[in-house]
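Right, one structure below, let's go through it.
The values are calculated or read from the model by the stated rules, or taken from the named source; none is laboratory data. For clarity, every value in this text was computed on a predicted model and none was experimentally measured. Here the Cβ positions follow ideal geometry from the backbone for every residue, glycine too, while neighbour counts run over all protein chains shown.
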Amino acid sequence: MRHRKSNRKLGRRSSARRALIRSLVSGLFLANPTEAHGERIQTTPAKAKEARRVAERLITLGKKGTLAARRRALQILPDKRVIRKLFGEIAARYTDRAGGYTRILRLGKRRVGDDAPQCLFELVGVAEQVDKAPKPVVTEEPEEEADTQPAETPEAQAEAED
């Protein structure tokens with residue numbers, strides 16, 4: 001019976017399942033947010049839903065910012081690069097948000113191979129940040145009046161001669 005069992009097995013033993021979730025969350029956090037695809041990964045919905053639980057818990061720990069929270073995060077995800085980015089950039093981005101740091105967008109089925117459903121697992125607000133990124137300011141200098149006269153076309157020259 002499955003009473004009071006809250007997680008999915010994902011067809012793996014517990015150690016392989018833990019490694020899978022850790023690698024999904026690490027990949028999500030370490031993705032470069034300035035690229036076109038941002039901080040997102042493509043996976044199956046079941047894997048994304050399990051990784052969401054861990055990712056949201058880690059972001060909440062990152063928002064606390066205490067030494068105890070950092071040590072707890074290292075127990076869940078023992079990669080210092082990921083934890084450094086989580087407590088630095090990612091947690092600062094979500095200081096005003098109470099929860100719901102991730103989003104799962106369904107894509108359709110994977111046509112090659114097993115025809116499994118696919119989804120995008122991403123951090124919320126990344127696409128908005130890329131859109132709101134400061135664009136380079138182009139200042140135009142006023143042109144002189146002599147340069148603004150259009151060049152005459154051959155038809156205009158012929159009409160002027162007549």
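Close contacts from the stretch 1-27, counting a first residue that is touching a residue at least 40 places away in the same chain (Cβ under 8 Å) and surrounded by 11 or more Cβ atoms within 10 Å (Cβ to Cβ) and a second that is not in a helix (DSSP H, G or I) and not hydrophobic (A, V, I, L, M, F, W, C), with Cβ to Cβ under 6 Å and a gap of 6+ residues or different chains, come to 26/79.
Of everything in the stretch 51-75 that is of a type in the set (A, V, I, L, M, F, W, C) and free of Cβ contacts under 8 Å to residues at least 40 places away in the same chain, the residue that is nearest to residue 121 (Cα to Cα) is 54.
Looking across the stretch 1-23 at every residue that is charged (D, E, K, R) and part of a loop (DSSP other than H, G, I, E, B), the one that is farthest from the chain's Cα centre (by Cα) is identified as 2. Among the residues that make up the stretch 52-70, is at least one of them exposed (fewer than 12 other Cβ atoms within 10 Å of the Cβ) and under 27 Å from residue 16 (Cβ atoms)? Within the stretch 52-70, none of the residues are exposed (fewer than 12 other Cβ atoms within 10 Å of the Cβ) and under 27 Å from residue 16 (Cβ atoms). Please verify whether residue 23 is over 19 Å from residue 119 (Cβ atoms) and of a type outside the set (A, V, I, L, M), treating the condition exactly as stated. No; evaluated as a whole, the condition is false for this residue. Considered as a group, the residues in the stretch 28-48 that are surrounded by 16 or more Cβ atoms within 10 Å (Cβ to Cβ) and charged (D, E, K, R) include one that is modelled with the lowest pLDDT, and that residue is 39. Screening residue 87 with (1) touching a Gly at 6+ places or on another chain (Cβ under 6 Å); (2) within 15 Å of residue 124 (Cα to Cα); (3) among the hydrophobic types (A, V, I, L, M, F, W, C) gives one miss only, at (2).
Inspect all residues belonging to the stretch 24-41 and state whether any of them is more than 13 Å from the chain's Cα centre (by Cα) and of a type in the set (Ser, Thr, Tyr). The answer is no, given that none of the residues of the stretch 24-41 is more than 13 Å from the chain's Cα centre (by Cα) and of a type in the set (Ser, Thr, Tyr).
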